[in-house]
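The values are calculated or read from the model by the stated rules, or taken from the named source; none is laboratory data. Please read all numbers here as calculations on a predicted model, not as lab measurements. Note: ideal-geometry Cβ built from the backbone for every residue, glycine included; neighbour counts use all protein chains shown. Keep in mind that these areas ignore ligands, DNA and RNA; they rest on the heavy atoms of the full protein, side chains included. Shrake-Rupley method; radii C 1.70, N 1.55, O 1.52, S 1.80 Å.
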Amino acid sequence: MRRIALADRKILALALLLIAWPVASPAAAGQFDPARVRWASLEFSASRFMFTARTSIAAQLVPAGTIVTQLRTTPTGRPVMPGAEVVDLVYAMSGFGRESRTELWLDPVTGGTLQRTQHDTGSRPRLRTYRFTDRGAFHFTRWPANRSEQAQTPEHWTHVEQGMRPYVPGDIDQPVTEPTALLWLIAAADLARPGDRMEVLAFSRRQVSRVDIDVTGQRTVALNFMEEGPDGARRRDGRMPALVLRLAANPLDAAAEEQDFELFGLHGDLELLLDPQTRAPLELSGRVRIAGQVTVRLNRLVLR
């Protein structure tokens, strides 16, 4: 039998690697364009009864080399690897009994999530990182083991767990994101007129949901927020047109007893009002457990 030359063996190995590596489906690849996203950061608030919640989001495109050394390795599954750039999203929330800071890295072309790290503080401190793979989201989690550890930094917490949260049921043939990324993905998508729609898969806690996002119409809405940009700051006070989007999430696992999907702490079918010019979310409405129906409103917008 003829021996295969070293150069030929390298080419063969590369071909086999490309065949085996998961590739985004044609429907998912390239549907997002970062140039559509005109905002760099957003601040929101929501009030219900005696409670007020505040949320902020900051987004930027960064070279993959700036985060690649911080990506976790996993004992099982093939971790999703970045392209040339990644979207770095920092999401902070306080109120309704929750305080947390989340940093999320995702692919700006496919929308697939690479890694998500959430640090909860207050009465229930926790540090959890999800590393997304072809099989599921592998979690690395730390808690303080006792009251004395609560005052220490997370690297000193001794209650440690890790494990795979598999995507079920069966194989998934398109990129998986998570709810924290949806506002950026909606802004970057070609959703500009009634009838436009897209579908994404979003992982939350222990399940993957199919999220259908539909532009259902247009509405004039009264708003009052501060807008800051290269030309200075101004208050946007008055009525302005908005696109109306409906977000409906359903677990892929038909046997799931409860829906884990939430965004800004909101559950159920969500209604999003989107500024068609800046692509900034103006309002988001849904249900909060105990508090009932809640609307989150934009307070501050910083343009790129």
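With no solvent and one point per C-alpha, what does the Debye sum give as log10 I(q)/I(0) for the range 180-304 at q = 0.13 Å⁻¹?
So the normalised log intensities work out to -0.56.
Roughly what would the spin-label model give for Gln259 and Thr158, points 7 Å off Cα along C-beta, in nm?
4.3
Which whole-Hz couplings ³J(HN,Hα) result when phi for each residue of the range 72-88 is put into the Karplus expression 6.51 cos²θ - 1.76 cosθ + 1.60, θ = phi - 60°, listed in order with x for Gly and Pro?
Values, residue by residue: 6, 8, 10, x, 9, x, 9, x, 5, 9, x, x, 5, 10, 9, 8, 9 Hz.
Val168 to Arg38: FRET efficiency via 1/(1 + (r/R0)^6), r the Cβ-Cβ distance, R0 41 Å, to the nearest 0.05? Intermediate values should be presented prior to the final figure.
Details: r = 38 Å, r/R0 = 0.92.
With R0 = 41 Å, the Cβ-Cβ based efficiency is 0.65.
What residues qualify as long-range amide H neighbours of Arg165, i.e. H under 5 Å apart, gap of 5 or more or another chain, H built at 1.01 Å from N?
Counting only residues 5 or more places away or on other chains, the set is Ala137, Phe138, His139.
What's the carbon and sulfur percent of the chain's accessible surface, probe 1.4 angstrom, rounded to a whole number? Mind showing how you got there, number by number?
Numbers: 8180 of 15880 Å².
About 52 percent, which is the carbon plus sulfur part of the accessible surface.
Which one, (1) 23.4, 83; (2) 20.9, 81; (3) 25.2, 85, gives Rg and Dmax of the Cα atoms in Å as derived from the coordinates shown?
Label of the calculated value: (2).
Show Ser148, Ser45 ordered by accessible area, largest first, where the area counts protein heavy atoms only and the probe is 1.4 Å.
Result, largest first: Ser148, Ser45.
Check Asn299: other-chain or 5+ apart residues with amide H under 5 Å from its amide H, H built from backbone geometry?
Glu43, Phe44, Ser45
Over the range 105-228, average the accessible area per residue using a 1.4 Å probe and give it in Å², no decimals.
Computed with neighbouring chains in place, this is 44 Å² per residue.
Which of these, Ala189, Ala202, Ala254, has the largest mean-square fluctuation under a Gaussian network model of the chain (Cα springs below 10 Å)?
Ala254
Can you give me the angle between helix 6-20 and the longest principal axis of the chain, using Cα atoms only, in degrees from 0 to 90, rounded to the nearest 10?
For helix 6-20, the angle is close to 40 degrees.
Could you rank the peptides 269-282, 204-217 by their average count of other C-beta atoms within 10 Å per residue, with the highest value first?
The peptides rank, most packed first, as 269-282, 204-217.
Report Thr74's accessible area, 1.4 Å probe, all protein chains in place, as a number in Å² to the nearest 10.
Its accessible surface works out to 30 Å², give or take rounding.
Under a point spin-label approximation (7 Å from Cα along Cα-to-Cβ), what is the Arg289-Ser148 distance to one decimal in nm?
The two pseudo-label positions are separated by 3.3 nm.
Give me the distance between the Cα centres of the range 114-142 and the range 148-191, rounded to whole Å.
One Cα centre to the other: 6 Å.
Rounded to the nearest 500 deg cm²/dmol, what is the calculated helix-only ellipticity per residue at 222 nm for the chain, with -39500 (n - 2.57) per DSSP H run of length n ≥ 4?
The helix contribution divided over the chain gives -2000 deg cm²/dmol.
Quick one: which residues, 5 or more positions from Val176 or on another chain, have an amide H under 5 Å from its amide H? H modelled 1.01 Å from N in the peptide plane, none for Pro or chain starts.
Here Thr113 satisfy the definition.
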